[in-house]
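This report concerns only the one structure given below.
The values are calculated or read from the model by the stated rules, or taken from the named source; none is laboratory data. Not measured: the values here are computed from a predicted model. Cβ placement follows ideal geometry from the backbone for every residue including glycine, while neighbour counts extend to all protein chains displayed. Accessible surface is based on the protein model in full, side chains and every heavy atom, while ligands, DNA and RNA are left aside. Shrake-Rupley method; radii C 1.70, N 1.55, O 1.52, S 1.80 Å.
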Amino acid sequence: MISIDRDDPTHQDVHQLLSEHLADMFATSPAESVHALDHSALSAPSITFWTAREAGGLLGCGALKILDSPPGSPGHGEIKSMRTTAEARGRGVATLMLRHILDDARARNLERLYLETGTEDYFAPARRLYARHGFTECPPFADYVMDPNSVFMELRL
């Protein structure tokens, strides 16, 4: 049975998965277009980090970053660091993690979720996953700027 729970991005197995994630991002995108966070950045108070595990073994991770918004306005969030281990790919782990993040965002009464992913073929499965769950392309959000190597997506909750 796969469980998704809050976790510490500095745990050794998670740290290794996040290091692989960053290495892949830098291998597939120009450095100025890599917006993935390392384990220390994922420990920020504005970020909730989860892992998916089965019998204690790490299958994947994902995070929700709460974005700054003016006082009294509905909250917005950003999905960060969605990653599945090579061994777990094709098992629906990313879908489970995404649903978990969406449920958490709704429980927090967030109005909108955003994400940034790449334009390269490497990122096509991620773009399809997000589109299947209702995300649509949008202009850059938060501190992002137009980038030919980035696709920005949003979901109104």
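Side notes on the structure shown:
- The apolar share of the surface of the chain, taken as the fraction of accessible area on carbon and sulfur atoms (1.4 Å probe, ligands and nucleic acids excluded), comes to 52 percent.
- Simple label model, 7 Å out from Cα along Cβ direction - Met1 to Thr119, nm: 4.5
- Cα gyration tensor, the chain - rounded (a/c under 1.5), prolate or oblate: rounded
- Gain on full stretching of the segment that runs from Glu137 to Gln16 - 0.36 nm per residue minus C-alpha separation: 40.5 nm
- Estimated translational D of the stretch 101-145 in µm²/s (Stokes, Kirkwood radius over Cα pairs; 37 °C; 0.692 mPa s): 274
- The stretch 74-157: relative contact order in percent, alpha carbon pairs under 8 Å with at least 6 residues between: 34
- For the chain, the solvent-accessible area works out to 52 Å² per residue, with a probe of 1.4 Å and every protein chain left in place.
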